[in-house]
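> There's a structure below that I have some questions on.
The values are calculated or read from the model by the stated rules, or taken from the named source; none is laboratory data. Every value quoted in this text rests on a predicted model; they were computed, and no experiment measured them. Glycine gets a Cβ as well: all are built from the backbone with ideal geometry, and neighbour counts include every protein chain shown. Just the protein is used for accessible areas: all its heavy atoms, side chains included, with ligands, DNA and RNA removed. Shrake-Rupley method; radii C 1.70, N 1.55, O 1.52, S 1.80 Å.
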Amino acid sequence: MLLLLSTTWAATLSVGSSQSYTTLQAAVNAASDGDIIEVDAGTYAESVRVDKDLTISTSAGAVIAAPSGKNGFFLDGAEVSLSGFTIEGANKSAIKIDGGEVTLDDLTIDGGGDSAIDGGGVWISDATVWIIDLTVEDTVGRKGGALYIVEGSVVDLDSVTLEGCSASWGGGVRVEDSTLTGDDVTIEDASATY
(Lines give C-alpha, C1' and ligand atoms only; values in the text may rest on other atoms or scores of the structure.)
Protein backbone atom coordinates (compact mmCIF):
# COMPACT_ATOMS: atom_id res chain seq x y z
CA MET A 1 0.00 0.00 0.00
CA LEU A 2 1.31 3.43 -0.93
CA LEU A 3 0.26 6.34 1.28
CA LEU A 4 0.81 9.85 0.02
CA LEU A 5 0.68 12.71 2.48
CA SER A 6 0.52 16.34 1.62
CA THR A 7 2.01 18.74 4.15
CA THR A 8 1.90 22.49 3.83
CA TRP A 9 4.34 24.58 5.81
CA ALA A 10 3.95 28.27 6.46
CA ALA A 11 6.74 30.34 5.01
CA THR A 12 8.35 33.14 7.00
CA LEU A 13 9.03 36.28 5.01
CA SER A 14 11.38 38.93 6.42
CA VAL A 15 11.04 42.69 5.87
CA GLY A 16 13.80 45.25 6.43
CA SER A 17 16.49 47.25 4.71
CA SER A 18 18.78 44.20 4.45
CA GLN A 19 16.07 41.53 4.08
CA SER A 20 14.48 39.84 1.07
CA TYR A 21 11.67 42.42 1.14
CA THR A 22 12.29 46.11 1.82
CA THR A 23 8.58 47.00 2.09
CA LEU A 24 5.84 45.29 4.02
CA GLN A 25 3.46 45.50 1.04
CA ALA A 26 5.95 43.61 -1.16
CA ALA A 27 6.08 40.81 1.43
CA VAL A 28 2.27 40.70 1.68
CA ASN A 29 2.00 40.51 -2.11
CA ALA A 30 4.46 37.59 -2.21
CA ALA A 31 2.92 35.72 0.73
CA SER A 32 0.42 32.88 0.64
CA ASP A 33 -2.40 32.20 3.09
CA GLY A 34 -0.98 31.01 6.42
CA ASP A 35 2.43 32.64 6.02
CA ILE A 36 4.23 34.67 8.67
CA ILE A 37 5.77 38.08 8.00
CA GLU A 38 8.38 39.41 10.43
CA VAL A 39 9.36 43.07 10.19
CA ASP A 40 12.67 44.61 11.31
CA ALA A 41 12.92 47.89 13.20
CA GLY A 42 12.60 51.00 11.08
CA THR A 43 10.06 53.42 9.71
CA TYR A 44 8.06 52.20 6.74
CA ALA A 45 6.34 55.00 4.79
CA GLU A 46 3.56 52.95 3.25
CA SER A 47 -0.06 51.90 3.37
CA VAL A 48 -0.41 48.13 3.66
CA ARG A 49 -3.40 46.25 2.19
CA VAL A 50 -3.82 42.69 3.45
CA ASP A 51 -6.37 40.36 1.83
CA LYS A 52 -4.72 37.05 2.80
CA ASP A 53 -4.70 35.02 6.02
CA LEU A 54 -1.39 36.16 7.54
CA THR A 55 0.48 36.72 10.78
CA ILE A 56 2.37 40.02 10.63
CA SER A 57 4.58 41.06 13.53
CA THR A 58 7.56 43.03 14.68
CA SER A 59 9.45 42.40 17.88
CA ALA A 60 11.78 45.26 17.02
CA GLY A 61 9.16 48.01 17.08
CA ALA A 62 8.59 48.94 13.44
CA VAL A 63 6.71 52.14 12.65
CA ILE A 64 4.18 52.45 9.82
CA ALA A 65 4.01 56.07 8.64
CA ALA A 66 0.99 56.14 6.35
CA PRO A 67 1.16 58.43 3.30
CA SER A 68 -1.34 61.30 3.13
CA GLY A 69 -4.87 60.12 2.39
CA LYS A 70 -4.10 56.46 3.15
CA ASN A 71 -4.75 53.98 5.97
CA GLY A 72 -1.72 52.56 7.76
CA PHE A 73 -3.22 49.07 7.39
CA PHE A 74 -6.29 48.01 5.38
CA LEU A 75 -7.27 44.47 6.43
CA ASP A 76 -9.69 43.34 3.76
CA GLY A 77 -11.79 40.29 4.65
CA ALA A 78 -8.99 38.03 5.84
CA GLU A 79 -7.87 36.26 9.00
CA VAL A 80 -5.01 38.47 10.15
CA SER A 81 -2.90 38.74 13.29
CA LEU A 82 -1.09 42.06 13.56
CA SER A 83 1.30 42.75 16.45
CA GLY A 84 4.02 45.04 17.73
CA PHE A 85 3.64 48.04 15.41
CA THR A 86 3.33 51.78 15.95
CA ILE A 87 1.18 53.52 13.34
CA GLU A 88 1.75 57.26 13.00
CA GLY A 89 0.05 60.17 11.35
CA ALA A 90 -2.47 58.50 9.08
CA ASN A 91 -5.02 61.15 8.07
CA LYS A 92 -7.48 58.33 7.47
CA SER A 93 -8.17 55.50 9.93
CA ALA A 94 -4.82 54.11 11.07
CA ILE A 95 -6.28 50.60 10.72
CA LYS A 96 -9.30 49.81 8.54
CA ILE A 97 -10.86 46.36 8.97
CA ASP A 98 -13.53 45.35 6.46
CA GLY A 99 -14.68 41.82 7.29
CA GLY A 100 -12.70 38.80 8.43
CA GLU A 101 -11.32 37.69 11.78
CA VAL A 102 -8.56 39.90 13.13
CA THR A 103 -6.32 39.99 16.19
CA LEU A 104 -4.60 43.28 17.01
CA ASP A 105 -1.97 42.88 19.73
CA ASP A 106 0.58 45.25 21.28
CA LEU A 107 -0.08 48.17 18.95
CA THR A 108 0.23 51.94 19.33
CA ILE A 109 -1.63 54.45 17.17
CA ASP A 110 -0.11 57.89 17.58
CA GLY A 111 -2.13 60.72 16.08
CA GLY A 112 -3.99 60.82 12.84
CA GLY A 113 -7.52 60.62 11.56
CA ASP A 114 -9.56 63.51 10.26
CA SER A 115 -12.82 65.19 11.28
CA ALA A 116 -14.35 64.15 7.94
CA ILE A 117 -13.81 60.38 8.39
CA ASP A 118 -15.20 57.79 10.82
CA GLY A 119 -12.82 55.95 13.16
CA GLY A 120 -9.68 58.05 13.49
CA GLY A 121 -7.80 55.13 15.10
CA VAL A 122 -9.51 51.89 14.02
CA TRP A 123 -12.50 51.48 11.66
CA ILE A 124 -14.21 48.07 11.91
CA SER A 125 -17.07 46.80 9.74
CA ASP A 126 -18.63 43.32 9.54
CA ALA A 127 -15.70 41.68 11.36
CA THR A 128 -14.80 39.72 14.48
CA VAL A 129 -11.89 41.44 16.19
CA TRP A 130 -9.85 40.81 19.32
CA ILE A 131 -7.89 43.86 20.47
CA ILE A 132 -5.22 43.30 23.15
CA ASP A 133 -2.75 45.88 24.51
CA LEU A 134 -3.73 48.76 22.23
CA THR A 135 -2.91 52.42 22.90
CA VAL A 136 -4.58 55.10 20.77
CA GLU A 137 -3.50 58.69 21.35
CA ASP A 138 -4.65 62.00 19.86
CA THR A 139 -6.73 60.69 16.95
CA VAL A 140 -9.67 62.51 15.37
CA GLY A 141 -12.80 61.24 13.64
CA ARG A 142 -16.27 62.33 12.63
CA LYS A 143 -17.76 59.33 14.46
CA GLY A 144 -15.48 57.50 16.91
CA GLY A 145 -12.30 59.46 17.49
CA ALA A 146 -10.45 56.24 18.39
CA LEU A 147 -12.72 53.31 17.45
CA TYR A 148 -15.65 53.12 15.03
CA ILE A 149 -17.43 49.73 15.07
CA VAL A 150 -20.35 48.97 12.68
CA GLU A 151 -22.27 46.47 10.53
CA GLY A 152 -22.68 43.55 12.95
CA SER A 153 -19.06 43.49 14.11
CA VAL A 154 -18.13 41.64 17.29
CA VAL A 155 -15.20 43.27 19.10
CA ASP A 156 -13.49 42.34 22.37
CA LEU A 157 -11.12 44.80 24.05
CA ASP A 158 -8.50 43.80 26.64
CA SER A 159 -5.94 46.24 28.08
CA VAL A 160 -6.88 49.16 25.82
CA THR A 161 -6.10 52.85 26.44
CA LEU A 162 -7.73 55.62 24.41
CA GLU A 163 -6.31 59.04 25.25
CA GLY A 164 -6.92 62.51 23.87
CA CYS A 165 -9.21 61.32 21.07
CA SER A 166 -12.00 63.50 19.70
CA ALA A 167 -14.96 63.30 17.34
CA SER A 168 -18.28 64.94 16.61
CA TRP A 169 -20.03 61.77 17.87
CA GLY A 170 -18.28 59.36 20.25
CA GLY A 171 -14.99 60.98 21.23
CA GLY A 172 -13.46 57.66 22.21
CA VAL A 173 -15.73 54.98 20.75
CA ARG A 174 -18.76 54.84 18.46
CA VAL A 175 -20.66 51.53 18.11
CA GLU A 176 -23.54 51.02 15.67
CA ASP A 177 -25.42 47.71 15.24
CA SER A 178 -22.48 45.76 16.69
CA THR A 179 -21.31 44.10 19.91
CA LEU A 180 -18.47 45.48 22.03
CA THR A 181 -17.12 43.87 25.20
CA GLY A 182 -14.08 44.83 27.19
CA ASP A 183 -11.85 44.39 30.20
CA ASP A 184 -9.27 46.88 31.49
CA VAL A 185 -10.32 49.69 29.12
CA THR A 186 -9.28 53.27 29.91
CA ILE A 187 -10.65 56.34 28.12
CA GLU A 188 -9.01 59.63 29.13
CA ASP A 189 -9.42 63.19 27.87
CA ALA A 190 -11.73 62.15 25.04
CA SER A 191 -14.14 64.76 23.72
CA ALA A 192 -17.23 64.78 21.54
CA THR A 193 -19.44 67.57 20.24
CA TYR A 194 -22.61 65.47 20.63
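> Roll a 1.4 angstrom probe over the protein heavy atoms and tell me the percent of accessible area of the chain that is carbon or sulfur. Could you put the intermediate results ahead of the total?
Details: 3870 of 8980 Å².
Of all accessible area on the chain, carbon and sulfur atoms account for 43 percent.
> Out of all Cα-Cα pairs in the stretch 1-107, roughly what percent, to the nearest whole number, are more than 21 Å apart?
Values: 1785 of 5671 pairs.
So the portion of pairs separated by more than 21 Å is 31 percent.
> Treating only the Cα positions of the stretch 84-161 as identical point scatterers, give the base-10 log of I(q)/I(0) from the Debye formula at each q in 0.12 Å⁻¹.
Listed by q, the Debye log ratios stand at -0.26.
> Where the only charges are on Cβ atoms (+1 Lys, Arg; -1 Asp, Glu), what is the dipole of the chain about its Cα centre, to the nearest 20 debye?
On the way: 8 positive and 31 negative charges, 126 e Å.
Magnitude of the dipole: close to 600 debye.
> Send over a whole-number figure in Å² for the accessible area per residue of the chain, probe 1.4 Å. Let's see the in-between values first.
Numbers: 8980 Å² over 194 residues.
I get 46 Å² per residue for the chain.
> Could I ask something else about it? Hey, if you put +1 on the Cβ of every Lys and Arg and -1 on every Asp and Glu Cβ in the stretch 1-119, which of Gly42, Ser115, Thr103 ends up farthest toward the positive end of that dipole?
Gly42
> Can you check what the net charge comes to around Gly152, using other residues whose Cβ is under 11 Å from the Cβ of Gly152 (Lys, Arg +1; Asp, Glu -1)? Walk me through the numbers on the way to the answer.
Working: positive: none; negative: Asp126, Glu151, Glu176, Asp177.
Result for the neighbourhood of Gly152: -4.
> Let me ask something else about it. Using a Förster radius of 22 Å, what is the FRET efficiency between Glu163 and Arg49 based on their Cβ-Cβ separation? Nearest 0.05, please.
Working: r = 28 Å, r/R0 = 1.27.
My answer for the efficiency is 0.20.
> Using the Karplus curve 6.51 cos²θ - 1.76 cosθ + 1.60 with θ = phi - 60°, what ³J(HN,Hα) values do you get for each residue of the stretch 70-86, in whole Hz, with x for Gly and Pro?
With the stated coefficients, the stretch 70-86 comes to 10, 6, x, 10, 10, 9, 10, x, 10, 9, 10, 10, 10, 8, x, 8, 10 Hz.
> Calculate one ³J(HN,Hα) per residue across the stretch 175-185 by plugging θ = phi - 60° into the Karplus curve 6.51 cos²θ - 1.76 cosθ + 1.60, and present them in order as whole Hz with x for glycine and proline.
Running phi through 6.51 cos²θ - 1.76 cosθ + 1.60 with θ = phi - 60° gives 10, 10, 6, 8, 10, 10, 10, x, 9, 6, 10 Hz.
> What do you reckon, how do Ser17, Ser81 stack up by accessible area (1.4 Å probe), largest on top?
Ser17, Ser81
> If you plug each phi of the stretch 166-174 into the Karplus form 6.51 cos²θ - 1.76 cosθ + 1.60 with θ = phi - 60°, what whole-Hz ³J(HN,Hα) values come out, in order, with x for Gly and Pro?
9, 7, 5, 10, x, x, x, 9, 10
> A follow-up question, please. I'm spelling it out carefully: the read-out is Rg and Dmax of the Cα atoms in Å, the candidates are (1) 16.4, 53; (2) 17.0, 73; (3) 21.9, 81, and one was derived from this structure. Which label?
This structure yields the entry labelled (2).
> 7 Å from Cα along Cα→Cβ at both Val154 and Thr103: what's the point-to-point distance in nm?
Placing both labels 7 Å beyond Cα along the Cβ direction yields 1.6 nm.
> Right, something else. What GluC sites (Glu not before Pro) in the stretch 90-194 are in a loop by DSSP, with at most 14 other Cβ atoms within 10 Å of the Cβ? Please report the intermediate quantities before stating the final value.
On the way: sites: Glu101, Glu137, Glu151, Glu163, Glu176, Glu188; in loops: Glu151, Glu176.
When the GluC sites (Glu not before Pro) of the stretch 90-194 are filtered for loop state and at most 14 Cβ neighbours within 10 Å, Glu151 remain.
> Continuing with the same structure: Say we join alpha carbon atoms closer than 10 Å with springs in a Gaussian network model of the chain; which of Asn91, Asn71, Asn29 then has the biggest fluctuation?
Between Asn91, Asn71, Asn29, it is Asn29 that shows the largest mean-square fluctuation.
> Further question on the same structure: Name the shape class, rounded, prolate or oblate, that the alpha-carbon gyration tensor gives for the stretch 134-194, where a ≥ b ≥ c are the square roots of its eigenvalues, rounded holds for a/c under 1.5, and otherwise prolate holds if a/b is larger than b/c and oblate otherwise. Mind showing how you got there, number by number?
Details: a/c = 2.26, a/b = 1.13, b/c = 2.00.
Oblate is the answer for the stretch 134-194, as a/c is 1.5 or above yet b/c matches or exceeds a/b.
> How high is the relative contact order of the stretch 92-193? Use alpha-carbon pairs under 8 Å, at least six apart in sequence, and give a whole percent. Each step should come with its number before you reach the end.
Details: 356 pairs, mean separation 24.9, N = 102.
Once normalised by length, the contact order is 24 percent.
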